[in-house]
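Right, one structure below, let's go through it.
The values are calculated or read from the model by the stated rules, or taken from the named source; none is laboratory data. In this text, all values refer to a predicted model and were calculated from it rather than measured experimentally. Glycine also receives a Cβ, built like all others from the backbone with ideal geometry; neighbour counts cover every protein chain displayed.
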Amino acid sequence: MFFNTIHSRIRFILVAVIILLFIIVFRVFYIQVFKYDQLNSLAESLWSRKLPITADRGEIRDRNGKVLATNLTTTSLVLIPNQIINKEEVATKLAEILNVSYEEMYRHVAKKTSIERVHPEGRQLSYDVAEQINNLGYDGVYLVKESKRYYPYDNVLSHVLGYVGIDNQGLSGIELNYDAYLTGEDGAIKYFSDGKGNRLSLTEIYEEPQNGINVDLTIDIDLQLSIENELDNVMTKYNPDQALILAMNPKTGEILAMASRPNFNPNHYQTASVEVINRNLPIWMTYEPGSTFKVITLAASLQEQTINLFKDNYYDSGSIAVENARIKCWKAGGHGAETFLQVVENSCNLEF
């Protein structure tokens, strides 16, 4: 009886050990086969770093391929705090070059992060400023390529094109409506470092950025420049609060030109008021056509031959009731008996 109990316990322990080994083997197999990519990516992220390379935004062009919005290549400042040895000295020099306070720059230099983008002072730097930073030769201080939006025609077509923010995100107009197409995919220069952030002597990996998709408009920039010039003449001669022009192909509905005043320069949109940059008058403003639409209804009647300009007559009494409203002629007492040609000449409200 005693030996049977011992044998039973041994068998139980043996079965338990076999099951445990099976679980361990299965777990190792699962990790090595099914979780390999995920765990490898997590492990690599611990010792790899990426210096960002901004993708170019897609161009905006007119119907003939002329560029209305493009990109300029600039540089931006990126810091690897763990690689900066003398943080006080680096903060002092960078603060002088970028014209910011030492305290502000030191917060960037000493920040507990793997990569620190100096924003906004270190974004889209001029050539002279970038050269001064590059000449410092400090470890952990990097200059990376960045794309800046540029509108070669300045104020022309400003409301239609819109503008972008400092991170090249569309904020209005075509830039906003087609942002998903215009926005590219940023690349990077991948390098490797140890646990303390020190750079390792391993080959860097270049991840090429994918530029955005170009967008072609129905706009004809030559026609656009003509109407912009006419709007400038109107503003100079009459000094109105607002003015607008819209040119359309009546056969297709394509917008060939669109402009309004006041407008703004999307290269420097920060200097314009919110009201100006957000109001594209041809599509934002309501306008009652009034008497200008009378020729449309008259033309339709003539085409359908429902009236004769010279033989048919109409009596203008001065007002008529239409359902619950009374429409009055602009002339008190009306025009009396008229031919339809005289109705047009007198711009009679009642007949139209």
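General remarks:
- For segment 235-268, the set of residues classified as of a type in the set (Ser, Thr, Tyr) and over 18 Å from Ile219 (Cβ atoms) consists of Thr236, Tyr238, listed by residue number.
- Among the numbered conditions (1) of a type in the set (Gly, Ala, Ser); (2) more than 16 Å from Tyr138 (Cα to Cα); (3) crowded, with 20+ Cβ neighbours inside 10 Å, the only one that Ala91 does not meet is (2).
- Residue under evaluation Gln303, criteria (1) farther than 30 Å from Tyr163 by Cα; (2) surrounded by 10 or more Cβ atoms within 10 Å (Cβ to Cβ), criterion not met: (2)
- For first residues located in segment 82-100 and farther than 18 Å from Glu121 by Cα and in the same structural domain as Asp128 (by TED's automatic domain parsing), partners that are outside any helix (DSSP H, G or I) and of a type in the set (Val, Ile, Thr) and lie 6+ apart or on another chain with Cβ distances below 8 Å form the pairs Ile84/Val141.
- Filtering Ile213, Ile219, Ile174 for residues that are of a type in the set (Val, Ile, Thr), in a helix (DSSP H, G or I) and modelled with pLDDT of 90 or more leaves a single hit, Ile174.
- Residue list for segment 101-115, restricted to those being small (Gly, Ala, Ser) and touching a residue at least 24 places away in the same chain (Cβ under 8 Å): Ala110, Ser114
- Screening the candidates Val160, Val100, Val141 for the property of being over 22 Å from the mean Cα position of the chain (by Cα), surrounded by 19 or more Cβ atoms within 10 Å (Cβ to Cβ) and over 19 Å from Leu72 (Cβ atoms) yields one hit, Val141.
- Thr113 satisfies every condition listed in (1) at pLDDT below 90; (2) surrounded by 14 or more Cβ atoms within 10 Å (Cβ to Cβ); (3) touching a helix residue (DSSP H, G or I) at 6+ places or on another chain (Cβ under 7 Å) except (2).
- The residue of segment 29-72 that is modelled with the lowest pLDDT, among those that are surrounded by 12 or more Cβ atoms within 10 Å (Cβ to Cβ) and among the β-branched types (Val, Ile, Thr), is Ile31.
- Selection count where residues are under 25 Å from Leu256 (Cβ atoms) and either of a type outside the set (Phe, Trp, Tyr) or not assigned by TED's automatic domain parsing to the domain that holds Asn71 (or both), scope segment 128-170: 13
- When each of Lys148, Lys190 is tested for being basic (Lys, Arg), at pLDDT below 95 and within 15 Å of the chain's Cα centre (by Cα), the lone residue that passes is Lys148.
- Taken over segment 177-189, the criterion of being over 12 Å from Val160 (Cβ atoms) and not in a loop (DSSP other than H, G, I, E, B) is satisfied by Asp179, Ala180, Tyr181, Leu182, Glu185, Gly187, Ala188, Ile189.
- Which listed residue is out of contact with any Pro (no Cβ under 6 Å at 6 or more places or on another chain), over 25 Å from Glu59 (Cβ atoms) and polar (S, T, N, Q), from Gln224, Gln270, Gln210, Gln242: Gln242
- Unique match (being touching a strand residue (DSSP E or B) at 6+ places or on another chain (Cβ under 7 Å) and not charged (D, E, K, R)) among Tyr269, Tyr315: Tyr315
- Residue match in segment 300-316 (condition: part of a helix (DSSP H, G or I), within 30 Å of Val343 (Cα to Cα) and either assigned by TED's automatic domain parsing to the domain that holds Leu161 or of a type in the set (S, T, N, Q) (or both)): yes
- Verdict on Asp241 being over 29 Å from Glu345 (Cβ atoms), at pLDDT below 95 and out of contact with any Asp or Glu (no Cβ under 6 Å at 6 or more places or on another chain): yes
- Taking first residues from segment 278-300 that are within 13 Å of Met258 (Cα to Cα) and partners that are part of a helix (DSSP H, G or I), the Cβ contacts under 6 Å between residues at least 6 apart in sequence or on separate chains come to Asn280/His159.
- The single condition among (1) part of a helix (DSSP H, G or I); (2) surrounded by 10 or more Cβ atoms within 10 Å (Cβ to Cβ); (3) of a type in the set (Lys, Arg) that Arg279 does not meet is (1).
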